[in-house]
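One structure below.
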Amino acid sequence: MSTMHSVHINQHGDSSLLAYTEAPKPVIKPDQILVKVAYAGVNFIDTYQRSGLYPQKFPFTLGREGSGEVVEIGSEVQGIDFKVGDRVVYLAPESYAEYTAMSPASVAKLPDAISLEKAAAVLLQGLTAWTLVTQAYKVEKGDWVLIHAAAGGMGLQLCQLCKQLGANVIGTTSTEAKAQLAMAHGADYVVNYSNGYDELVVKVNELTGNKGVHVAFDGVGASTFDVSLKVLRRLGSLISFGNASGAVPPISIMKLAEKNVRLMRPTLFNFFSTREEFVELCQGLFKLVEDGKLDVAIHKVYPIQDVRQAHDDLEGRKTTGKLVLKI
Ligand code: NDP
């Protein structure tokens, strides 16, 4: 059996479980490809899968996105536009590893202008931000939009896209430095929510003439869900797309009737179902990056051996923008 190194766990728990150790090298099935991984993006979902918020079977190899070089293509793989040696970016499990075996369904060939590092940094969050503002709630010119954790990986991408769509962007952050960064990426106003949400409610009312925002994009979850509902206007939309502060507890749908609001809990993986749809989304994203319309603010590229630190920094609210692991 040939071996490689990966970050895999045999139980759920904190970041002390994480280590880059020997594991079997994947053997592809006839309908799979093998990628030699160059970079893996770090996402909050990795922490949920590690901690057990999203329970997994063991042994479990972490990672949901990566970039690298195709080294093998199974005999039954069809309908692809890349070959062995090409640079690709992908959404698939087990990217915290030297090699990942995967179906080609969510693999896209990279344009020359986009580096492997940038590709792993932008794919998952960029596609999520793009589908949130075009499909979960179609952001329109003049809309009032609230973006929580506006200096985070998702936050900075959402700020840029909403601004380009002509929205008025209100962000929240926990520090002044994060507020400045969010404003440099398109937020018009930023409220510090580290001491509660009263100031946010006052600011939204003041800015919107007491009407509230058209849409709240909330990836913080448990701690912000109620205030997100509170600052929505009549017929507004709450897009609750994450749980950085913990999972949102169950609610009574009657709460939505108070202002006839819509509530959606989307995940990127259900905005496409075929390789064609995935590649089309990627091409749109690559164009935004190549045209300079979407800046990918990389917080830090960590050597894979420092994976524990990367999780601690992300969960400890010490980061802005995107974290990437170099394999
Ligand atoms: P971020 O870079 O945004 O980091 C999370 C940020 O949330 C922190 O920096 C912090 O910003 C804020 N935060 C508020 N409360 C807490 C808390 N108790 N613990 C930790 N952070 C807190 O992470 P990502 O961009 O990777 O992800 C943001 C959210 O988007 C996550 O919930 C993630 O699951 C979700 N997501 C969902 C996807 C989907 O398909 N539905 C896809 C991708 C991401 P501050 O200090 O300013 O408060």
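The values are calculated or read from the model by the stated rules, or taken from the named source; none is laboratory data. Just so it is clear, the structure is predicted and the values come from calculations on it, not from any experiment. Positions of Cβ are generated from backbone atoms using ideal geometry, with glycine treated the same way; all protein chains shown enter the neighbour counts. These area figures cover heavy atoms from the full protein model, side chains too; ligands, DNA and RNA do not enter into them. Shrake-Rupley method; radii C 1.70, N 1.55, O 1.52, S 1.80 Å.
Any idea what the relative contact order of the chain is, in percent, if you count C-alpha pairs under 8 Å spaced at least 6 apart?
In percent, rounded to a whole number, it is 18.
Could you tally the net charge around A179, taking each other residue with its Cβ under 14 Å from the Cβ of A179, Lys/Arg +1 and Asp/Glu -1?
Around A179, the surrounding residues sum to 0.
If you place +1 on the Cβ of every Lys and Arg, -1 on the Cβ of every Asp and Glu, and leave all else neutral, what size is the dipole of the chain about its Cα centre, to the nearest 20 Debye?
640 debye
Please report the spacing between the Cα centers of region 302-323 and region 1-47 in Å, no decimals.
Measuring centre to centre over Cα atoms gives 17 Å.
Taking K and R as +1 and D and E as -1, what net charge do the other residues with C-beta under 15 Å from the C-beta of G66 add up to?
0
May I have the convex hull volume per residue, in Å³, for the Cα set of the chain?
Enclosed volume per residue, from the Cα hull, is 128 Å³.
Provide the net charge surrounding T3, with neighbours chosen by a C-beta distance below 13 Å and charges set as Lys +1, Arg +1, Asp -1, Glu -1.
-1
Hand me the tally of lysine pairs in region 240-326: alpha carbons under 23 angstrom apart, and the pair either on different chains or 8 or more positions apart.
6
What 222 nm value per residue comes from the helices of the chain, counting each DSSP H run with n ≥ 4 as -39,500 (n - 2.57) and dividing by all residues, nearest 500 deg cm²/dmol?
-8000 deg cm²/dmol
Using a 1.4 angstrom probe on the protein heavy atoms only, could you order Y137, Y197 from most to least accessible area?
Y197, Y137
Under the classification rounded if a/c is under 1.5, otherwise prolate if a/b is larger than b/c and oblate if not, where does region 4-150 fall, given a ≥ b ≥ c as square roots of the Cα gyration tensor eigenvalues?
It comes out oblate by the Cα gyration axes.
Near K36, which aspartates and glutamates are there with a Cα under 15 Å away, not counting those fewer than 8 places off in the same chain?
Excluding near neighbours in sequence, the set is E65, E69, E72, D86, E94, E98, E117.
State, in angstrom, two size descriptors of region 186-327 derived from its alpha carbons: Rg to one decimal place and Dmax to the nearest whole number.
For region 186-327, the Cα-based Rg and Dmax read 18.2, 51 Å.
Putting +1 on Lys and Arg Cβ atoms and -1 on Asp and Glu Cβ atoms, find which of V37, P104, A151 reaches farthest to the positive end of the dipole of region 35-190.
Of the candidates, A151 comes out farthest on the positive side.
Between I114, I33, I147, find the one with the highest GNM mean-square fluctuation for the chain; connect C-alpha pairs within less than 10 Å.
I114
If the cut-off is 12 Å between C-alpha atoms, which aspartates and glutamates fall inside it for K230, apart from same-chain ones fewer than 8 positions away?
Within reach: D198, E258.
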